[in-house]
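*Asks:* One structure, pasted below without further comment.
The values are calculated or read from the model by the stated rules, or taken from the named source; none is laboratory data. As the structure is a prediction and not an experimental result, all values here were calculated from the model. Using ideal geometry, Cβ is built from the backbone for each residue, glycine included, and neighbour counts are taken over all protein chains shown. To get the accessible areas, we keep the full protein, side chains included, count just its heavy atoms, and leave off ligands, DNA and RNA. Shrake-Rupley method; radii C 1.70, N 1.55, O 1.52, S 1.80 Å.
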Amino acid sequence: MHYHEAANFLFDLRRFSVKPGTERVAALLDRLGNPEADLACVQVAGSNGKGSTARLVESVLREAGLSVGLYTSPHLSSLSERVRVDGRPMTDAAIVDFVDEVKPWLVDRAAAGEPLTFFEVVTAMAIHDFARRDVDVAVLEVGLGGEYDATSAVDPVATAVTNVSLEHTAVLGDTIAEIARTKAR
């Protein structure tokens, strides 16, 4: 498989609807041997500023001499931008290897009516890459929010919540207080 084929496979997963919860990504991580089990993770949630905050946390941890994985979204020009270790993006070859490994399982899940979304799979890809590259800590920018987010398949050593506003009210809650509660979980 070539990189563009692997990337296209992942991007095609965007057609599947988001279902709040971590069960699907946890099943994929289990299939991968639970790479999150020995991974120290920091989650950064919120409505705005979470990407900047995640990058600041990553910078501080690297300055302290740690090897740090950083998972952010969206990417600007390349899928590999989402997954970085010590400032270096995930290689195209590593993306291809990951897709080669998980594609049959993902296709079977989709055929059984339990597809995973792009964000769920790319989150698992990041966690798998961080474990493979033996980082000291992984900083994960949360997507939708808190308890319903794919990044919550990990057991973080620390979490942060940036500002919260009314967003995704159909899933997260109708008030800022409800949304903040959901994102903080």
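*Asks:* So, R0 is 25 Å and r is the distance between the beta-carbons of Asp155 and Val60; what FRET efficiency does that work out to, to 0.05?
*Replies:* Using R0 = 25 Å, I get an efficiency of 0.70.
*Asks:* Using only DSSP helix segments of four residues or longer, with each worth -39500 (n - 2.57), what per-residue ellipticity at 222 nm results for the chain after dividing by its residue count and rounding to 500?
*Replies:* Taken over the chain, the calculation gives -13500 deg cm²/dmol.
*Asks:* Output the antiparallel fraction of DSSP beta bridges having both residues in the chain, as a percent to the nearest 5.
*Replies:* That works out to approximately 35 percent antiparallel.
*Asks:* How would you order 150-162, 84-96 from highest to lowest mean count of nearby Cβ atoms within 10 Å?
*Replies:* The densest-packed peptide leads the list: 150-162, 84-96.
*Asks:* When the solvent-accessible surface of protein heavy atoms is calculated with a 1.4 angstrom probe, in what order do Asp30, Asp134 fall, highest first?
*Replies:* Largest to smallest exposure gives the sequence Asp134, Asp30.
*Asks:* Shifting gears a bit: Taking only C-alpha pairs under 8 Å that are 6+ residues apart, what is the relative contact order of the chain in percent?
*Replies:* 37 percent
*Asks:* Taking amide H positions as placed 1.01 Å from N in the peptide plane, with prolines and chain starts having none, which residues 5 or more places from Ala138, or on another chain, fall under 5 Å of its amide H?
*Replies:* Under 5 Å from the amide H of Ala138 lie the amide H atoms of Ala40, Cys41, Val42, Gly69, each far enough along the sequence or on another chain.
*Asks:* Another one. Tell me the per residue accessible area of the chain using a 1.4 Å probe; a whole number in Å² is fine.
*Replies:* With the other protein chains kept in place, the chain gives 48 Å² per residue.
*Asks:* Then there is this: Can you tell me how the stretch 1-119 classifies by the Cα gyration tensor, rounded, prolate or oblate, using a/c under 1.5 as the rounded cut?
*Replies:* prolate
*Asks:* In nm, to one decimal, how far is the Thr175 label point from the Asp100 one, both placed 7 Å along Cα→Cβ?
*Replies:* So the two model labels end up 5.4 nm from each other.
*Asks:* Let me ask something else. Heavy atoms only, probe 1.4 Å: what % of the accessible area of the stretch 17-127 goes to carbon and sulfur, would you let me know?
*Replies:* About 51 percent, which is the carbon plus sulfur part of the accessible surface.
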